[in-house]
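The values are calculated or read from the model by the stated rules, or taken from the named source; none is laboratory data. Note that the structure is a prediction, hence the values are computed from the model and not measured. Backbone-built Cβ (ideal geometry, glycine too); neighbour counts: all protein chains shown.
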Amino acid sequence: MNPPVPSHLSRFLDQDKALACVHCGLCLSVCPTYLETGNENNSPRGRIYLMRALQDGRVPLRNAVVHHIDLCLGCRACEVACPSGVQYGELLEATRDHIEKCHTRSAFQKILRRIVIERVFPFPWRLKLALLPANLIRRFRCEWLLPSFARDALALLPDAMDATVLPEISPAATEPRRGRVGFISGCVMSVMFGRTNQSSVRLLNLAGYEVVTPPRQVCCGALYAHAGNLRRARACARRNIRVFEKLDVDAIIINAAGCGSTLKEYGQLLHANPKWAERGARFSAKVKDLVEWLAPLKSLPRARAPDPSLPATYHDACHLAHAQRITEPPRKLLRTLVGDRWIALPESDLCCGSAGSYNLTEPEMARRLRDRKVQNILKTGARTVVTTNPGCILQIQAGLRQAGAGHIRVVHLADFLVESLREATPGA
Ligand code: SF4
Ligand code: SF4
């Protein structure tokens with residue numbers, strides 16, 4: 001039983017934003033959890049109703065209500081469909097923050113959320129350390145010793161992990177240089193996808209940019225914001241703003257869609273303090289996803305994708321397609337590489353179930369959505385699935401392996417571009 005909610009915590013939603021929902025229901029058909037369950041409480045409209053009822057004290061903060069909010073992926077497909085401009089992501093983060101302050105979770109959920117997700121994932125060296133036993137278990141094939149939830153989590157890890165620390169300065173490959181950009185190396189990206197970070201910096205260098213990767217940057221805060229800890233998310237935002245304000249850069253580039261959407265919302269995240277809100281908005285205005293930055297450039301070397309990679313298809317990461325509304329630039333880049341050997345993916349923008357740490361906290365729904373994504377991929381006959389977010393890569397690759405289709409590669413667009421360049425010009 002939860003203790004009564006203290007009065008100073010009971011108004012967690014911006015009332016005007018919460019009332020913007022007019023219950024039209026146009027968002028229902030794009031909501032993955034509603035599509036899977038058919039339960040109105042698992043729809044955007046139903047959840048907003050629950051959030052408002054919680055705030056008004058019309059429903060108590062019970063497990064059943066928390067479950068409907070927990071089951072939300074935060075994929076923000078509902079925002080794109082909503083004609084009233086409801087800022088669902090903001091309402092969700094405020095509600096989750098309220099839940100974590102006022103609701104008593106089970107011991108297992110506390111360990112998972114407060115320790116694994118909040119105290120390990122955002123710190124690259126802790127994550128590396130935590131992955132050591134996981135790698136040993138996989139090497140000696142001892143997975144059978146683990147409980148099923150731990151086996152599922154282990155199955156998400158990539159075959160090869162390459163932790164890489166990028167140099168602080170990576171010079172442009174052209175003379176004179178076109179400009180100078182900052183780079184966010186990410187927590188999970190720098191531990192599990194070091195090669196993708198290197199590919200991203202390589203592409204920027206080839207396009208004429210000097211790349212600065214400040215070593216004092218920290219987690220973007222997305223993991224905290226999604227887990228309902230806005231205090232820590234704001235601390236991360238303030239630290240990154242201080243670090244990048246010192247650099248004279250044209251843009252701040254990120255290659256992970258989930259981080260990008262949080263970085264682009266620092267102004268809103270820090271809205272309670274006008275000075276920080278202004279600094280946050282200035283920082284966010286410079287943030288660009290890698291594909292958004294590269295797609296318009298004419299100077300990026302072009303090549304054809306190697307034949308074994310084809311045909312290829314593209315999966316929209318939710319936080320690129322819905323939160324950042326970027327759908328065409330990655331397709332444009334991909335089309336230059338694969339030409340007509342491109343196959344559209346059915347339900348390409350329906351969440352794959354990864355959703356940050358969702359596949360750890362809500363494994364059953366995550367599995368259902370993963371299997372749905374895999375079935376759609378198998379229908380295309382593609383040999384490569386290209387995407388732009390580390391969580392999606394891990395989730396979809398695990399699903400394909402599970403379905404006996406591990407030969408289908410899931411690859412970040414940055415790596416796909418660099419591989420094509422190497423194929424065309426060895427040594428590039
Ligand atoms: S964020 Fe995604 S899962 Fe959550 S209500 Fe909106 S569409 Fe549904
Ligand atoms: S589309 Fe927007 S206004 Fe309509 S029910 Fe969904 S969230 Fe509410």
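Annotations for the structure displayed:
- Filtered residues of segment 56-89 (kept if within 16 Å of ligand 2 (Cβ to nearest atom) and not in a loop (DSSP other than H, G, I, E, B)): H68, I69, A77, C78, E79, V80, A81, Y88, G89
- Applying the criterion of being more than 23 Å from H226 (Cβ to Cβ) and either among the β-branched types (V, I, T) or touching a helix residue (DSSP H, G or I) at 6+ places or on another chain (Cβ under 7 Å) (or both) to the residues of segment 355-401, the residue that is surrounded by the fewest Cβ atoms within 10 Å (Cβ to Cβ) is R383.
- Of the strands (runs of 3 or more DSSP E) entirely within segment 209-292, those holding at least 3 residues that are in contact with a Leu (Cβ under 8 Å, 6 or more places away or on another chain) occupy 251-254.
- Residue in segment 298-317 that is charged (D, E, K, R) and touching a strand residue (DSSP E or B) at 6+ places or on another chain (Cβ under 7 Å) present: no
- Among residues of segment 258-289, those that are among the hydroxyl-bearing types (S, T, Y) and surrounded by fewer than 24 Cβ atoms within 10 Å (Cβ to Cβ), counted: 1
- Search result, residues across segment 172-198 that are part of a loop (DSSP other than H, G, I, E, B) and within 17 Å of V418 (Cβ to Cβ): A172, A173, T174, S185
- Residue in segment 86-103 that is at pLDDT 95 or above, within 20 Å of the chain's Cα centre (by Cα) and closer than 30 Å to A403 by Cβ present: no
- Residue selected from segment 53-75 under the condition out of contact with any Ser or Thr (no Cβ under 8 Å at 6 or more places or on another chain) and within 14 Å of ligand 1 (Cβ to nearest atom), by the criterion farthest from P32 (Cα to Cα): H67
- Segment 106-129: number of residues that are in contact (Cβ under 8 Å) with a residue 12 or more places away in the chain, in a helix (DSSP H, G or I) and closer than 16 Å to L360 by Cβ: 7
- Lone unmet requirement of (1) charged (D, E, K, R); (2) part of a helix (DSSP H, G or I); (3) over 19 Å from the mean Cα position of the chain (by Cα) for R304: (2)
- Residue in segment 27-52 that is surrounded by the most Cβ atoms within 10 Å (Cβ to Cβ), counting only those that are among the β-branched types (V, I, T) and more than 7 Å from ligand 1 (Cβ to nearest atom): I48
- Exactly one residue among L337, L263, L320 is at pLDDT below 95 and either more than 16 Å from ligand 2 (Cβ to nearest atom) or more than 16 Å from the chain's Cα centre (by Cα) (or both), and that residue is L337.
- Any hit, segment 160-180, residues being touching a residue at least 60 places away in the same chain (Cβ under 8 Å) and either buried (at least 19 other Cβ atoms within 10 Å of the Cβ) or assigned by TED's automatic domain parsing to the domain that holds A321 (or both): no
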